[in-house]
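Heads up: the structure comes next, in structure tokens.
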Amino acid sequence: MTDTLTPVKKRSALTKGQLPKWAPYLVLGIALVLGAAVLALIGFNALGWGIVSAVFFAVGLVGWSAAVEGSRRAKDKLATCLVVGAFLIALLPLFSVIWTVLVNGLPGLTDPGFLSTSMNGVTGAYDNKSVEQGAPVVGGIFHALIGTVLITVLATVISVPVGLLTAVYLVEYGDDRPLARAITFFVDVMTGIPSIVAGLFAAAFFFAIVGPGTKTGAVAAVALSVLMIPVVVRSSEEMLKIVPNELREAAYALGVRKWRTILKVVIPTAISGIASGITLAIARVIGETAPILVTAGFATSINYNVFSGWMASLPTFIYTQILNPTSPSNPDPSSQRAWGAALVLIILVMLLNLGARLIARMFAPKTGR
Amino acid sequence: MSKRIDVKDLNVYYSKFLAVEDVNISIEPKSVTAFIGPSGCGKSTFLRTLNRMHEVIPGARVEGEVLLDGDNLYGPGVDPVTVRSQIGMVFQRPNPFPTMSIRDNVLAGVKLNNRKMSKGEADALVERSLRGANLWNEVKDRLAKPGSGLSGGQQQRLCIARAIAVEPQVILMDEPCSALDPISTLAIEDLINELKDDYTVVIVTHNMQQAARVSNKTAFFNIAGTGKPGRLIEYGDTHTIFSNPSVKATEDYVSGRFG
């Protein structure tokens, strides 16, 4: 055996100076200590500590890297620091919101009867008693939950056929005709409509055709549809567009009519994307407050009929509980209920998003290897 | 179960652009006819006019007559859907329906048209079509699996099975082997040889050896220059076209001097 095979540790001619693997951790430790020291001089707080340490960390690591590894690696480290920093900044509000709602909402949510009772007959006297004598907080969000579910389901029932058929027209029959271009333009405009305007439109529309003061769940559903339809059109259109033309031609070549091709080939191929787009559109409107307030009012009792009577919903429930507490002198029980409702709303939206992913996976064309 | 095609004075347009000019050709039943020619000379465009797939493209239109056993495909009141159910087509890239199983892909022509069929009949049709496409032995144990899980060559044979399941008179093939490896190509060529016993087969190919191997008659298309329309230069027995063509351009093309 020649000694070329012996594992003599020799620096490869292809490498330059390199920072040791533990370098970032060392710099992080030093940055944290330095940051704490600087903050101690001007008064300590956690947010400032994080920011100052992050700046120290970036400067230290990039400077060290520039000295040892050269400018290209240093720029790489700088870019990494910026990207990770931006990521953390983006996550901060998200976690902060979830944390705040969890902490404030859990007492309300775990309150017995919170999900199964309404606010019917709950007066300020009960709230005063619970604050002054420690009695349990009564009242719940059942009526609001029912309202939200019914209004959203009705809005979906209205928007999905309209939106999906519009998308089918745009992609399969539009051919860049003036009508198709006009529809695309107006859908874009509709996407930007402020939600309160959609609410006022629905309210005015029903005032005109049914009678003044018509406030029902159905009016709210129409308002939400105005917000939902453009989202459904846009997402369905994108999904239908990416169905390969070859599949349409394959169906035509078998002597299949166009409408059957669309119904049996194009839509099934795109259904996973369409379904998840619809779910995200629902998640988008389920938290709307203003349009529901002007169209369905707010109720304290359970109302299963979307076509008559005012209806509560989770966002309007939160809004009224915070703005007009049930007991003006002791608003704490009301705000506890509001936070609980907020937590339920966030859980609903999360479930919808999870549902969208599940649907997308369930309907996705199988590769079957 | 095969019909002849006669094309008379056919001009093919994309909006105002004349893509193929003045084609006259007679395609014999129960034979294989190959279209060869350089890229962009209009052979695929012309092929697509034979089952009215050309007009699927916005702005595309046709002047002239295409007669299927004497009936003009472009006559007034002719439903393109009827035409396409009699003249099937296989495309350049295998395109099985991704949402359907192998079995459903074969039955697509029947099922998508909502024709009622008993399970026994359907099973028999699936087996007959897959056997006809030389695919039965490879997939008979996994008919319920998605068609997109097959190899490229198998997918292309699945598409051929799908085309023959609707029992057409004519099968058009637009470069059916250009996306396949030599072994799958051989399998398809063997299949074409068997198909001509029952069907009229028209195939577009860039591969001149393939045209020489599989076809009875060959048509050579050429183009005078970019922007000019494609034309049918010469049409005759494959043997004649390849060994003793009468036009200089054909000889240059088949001997590999251009294109």
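General remarks:
- Yes/no for B:V170 being hydrophobic (A, V, I, L, M, F, W, C), within 12 Å of chain A (Cβ to nearest Cβ), farther than 25 Å from A:I262 by Cα and in contact (Cβ under 8 Å) with a residue 24 or more places away in the chain: yes
- Qualifying residue in the range A:82-98 (condition: without any contact (Cβ under 8 Å) to a residue 60 or more places away in the chain, in contact with a Pro (Cβ under 7 Å, 6 or more places away or on another chain) and surrounded by 10 or more Cβ atoms within 10 Å (Cβ to Cβ)): no
- Verdict on B:E194 being modelled with pLDDT under 90 and within 24 Å of B:M100 (Cα to Cα): no
- Qualifying residues in the range A:222-258 (those that are part of a helix (DSSP H, G or I) and of a type in the set (D, E, K, R)) - the one nearest to the other protein chains (Cβ to nearest Cβ): A:E246
Matching residues to (1) more than 21 Å from the chain's Cα centre (by Cα); (2) away from every other protein chain (no Cβ under 14 Å):
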| position | (1), (2) |
| --- | --- |
| A:H143 | yes, yes |
| A:T156 | no, yes |
| A:G163 | no, yes |
| A:V168 | yes, yes |
| A:Y173 | yes, no |
| A:L179 | yes, yes |
| A:T184 | yes, yes |
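- Positions within the range A:87-145 being small (G, A, S) and not in a loop (DSSP other than H, G, I, E, B), in sequence order: A:A90, A:S96, A:G105, A:G108, A:G124, A:A125, A:S130, A:A144
- All conditions but one from (1) over 21 Å from A:S272 (Cα atoms); (2) facing chain A (nearest Cβ under 9 Å) apply to B:F97; the one that does not is (1).
- A single member of A:V122, A:V55 is over 26 Å from the mean Cα position of the chain (by Cα), among the β-branched types (V, I, T) and in the same structural domain as A:A23 (by TED's automatic domain parsing), and it is A:V55.
- Just one of the numbered conditions (1) within 25 Å of A:K264 (Cβ to Cβ); (2) touching a residue at least 40 places away in the same chain (Cβ under 8 Å) is not true of A:Y169: (2).
- Qualifying positions in the range A:259-308 - of a type in the set (A, V, I, L, M), more than 17 Å from A:P161 (Cβ to Cβ) and not in a loop (DSSP other than H, G, I, E, B): A:V265, A:L280, A:A283, A:A290, A:I292, A:L293, A:V294, A:A296
- With respect to (1) in contact (Cβ under 8 Å) with a residue 12 or more places away in the chain; (2) surrounded by fewer than 16 Cβ atoms within 10 Å (Cβ to Cβ); (3) not in a loop (DSSP other than H, G, I, E, B), the lone exception for B:A19 is condition (2).
- Matching strands (runs of 3 or more DSSP E) fully within the range B:153-241 where at least 1 residues are over 14 Å from the mean Cα position of the chain (by Cα): B:217-223, B:230-237
- All positions within the range B:74-90 that are buried (at least 22 other Cβ atoms within 10 Å of the Cβ) and either more than 9 Å from chain A (Cβ to nearest Cβ) or hydrophobic (A, V, I, L, M, F, W, C) (or both): B:I87, B:M89, B:V90
- Cross-chain or 6+ apart pairs with Cβ under 7 Å, the range A:108-133 first and farther than 17 Å from A:A338 by Cβ, then part of a helix (DSSP H, G or I): A:S116/A:F142
The values are calculated or read from the model by the stated rules, or taken from the named source; none is laboratory data. Computed from a predicted structure; not experimentally measured. We place every Cβ from the backbone using ideal geometry, glycine too, and count neighbours over all the protein chains shown.
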